[in-house]
């Protein structure tokens, strides 16, 4: 159980180095960040800046080399055992031989939920992601956007407090992406989840987030953390507002500055 004095995620002087045949790769260096309950935090930066590596470290899929990282006040490994988070990958990762409902049930089956509990949870999360009536369809019968919504439903099925999303809409066209961004904000508002979201898109990061973490490559480090001043209720038209444009400009400047720093390090 998480106590109120804990940050949901806390990183202190976090470093993560991969050993390769060409020598060490410093994926993360001296990362300091706190994420609090109900935050929607986007990580943005060029390829190789450590966005996904940091998300994977939170999920205990990568092991930090040094520094501290806690999730719900404990280690990432223990948080995983406590089912603290759901993870949504860039590809939907649905099993083609399973219906949408049975794909969503998979983690519930592994965790030992009863059949009645599984059915109740599947029905609830399908409604959350606006896929009611599609439970008996197979993945190939759904569009790319609908498949990603099914993937999000699967991550939500066991009711984790944290949702980690690694560029879930990166491969989708702009119209579909806009629609899913709107749906994701509604889902976040209605569930109160804490969300960590990796993206390459400045407009997407600004539209979705309460906090935007700007990262620079080689070694991956945080160059700016921007607290959004946008209201929680955000129609797509807010992207035309001066406030939105100003935040996007600051993100862009942070990316430029970080890229310059990285070039100097090289």
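Quick note: the coordinates plus some simple rules give every number you see, no bench work behind them. Quantities reported herein were computed from a predicted structural model and do not represent experimental measurements. Virtual Cβ from ideal backbone geometry, glycine too; neighbours counted across all protein chains shown.
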* Asked: Given q = 0.08, 0.18 Å⁻¹, what are the Debye log10 I(q)/I(0) values for region 116-266, with equal point scatterers placed on the Cα positions and solvent ignored?
  -> -0.27, -1.11
* **Alpha-carbon centroids, region 63-103 and region 109-135: separation in whole Å** => 18 Å
* **Folded to 0 to 90 degrees: helix 100-111 orientation relative to the chain principal axis, Cα** => 80 degrees
* Asked: Along the three principal axes, how long is region 91-159 when you take its alpha carbons, biggest first, rounded to the nearest angstrom?
  -> 30, 22, 19
* **Angle between the chain longest axis and helix 174-191 axis [Cα atoms, degrees, rounded to 10]** => 80 degrees
* **Cα long-axis angle, helix 115-128 against the chain (0 to 90 degrees, to the nearest 10)** => 60 degrees
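Nearest 0.05, what FRET efficiency do residue 242 and residue 13 give at R0 = 41 Å with Cβ-Cβ as r?
With R0 = 41 Å, the Cβ-Cβ based efficiency is 0.65.
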* How large is the helix-only mean residue ellipticity at 222 nm for the chain, computed as the sum of -39500 (n - 2.57) over DSSP H runs with n ≥ 4, divided by its residue count, in deg cm²/dmol to the nearest 500? -> -12000 deg cm²/dmol
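Once you keep just the Cα pairs under 8 angstrom separated by 6 or more residues, what percentage relative contact order results for region 91-159?
Relative contact order comes out at 51 percent.
Under the definition of Cα pairs under 8 Å and six or more residues apart, what whole-number percent is the relative contact order of the chain?
Values: 502 pairs, mean separation 65.5, N = 266.
RCO, the chain: 25 percent.
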* To do: On a C-alpha basis, how far is the centre of region 138-185 from the centre of region 206-247 in Å? Whole number, if you could?
  => 20 Å
* Asked: How big is the chain on each of its three principal axes, counting only the C-alpha atoms and giving the largest first in Å?
  -> 56, 42, 41
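Over the chain, what is the percentage of antiparallel beta bridges among all DSSP beta bridges, to the nearest 5? Spell out each step's value before the answer.
Values: 21 of 39 bridges.
Roughly 55 percent of the DSSP beta bridges within the chain come out antiparallel.
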* DSSP bridge pairs, region 157-266: antiparallel proportion in percent, nearest 5 -> 55 percent
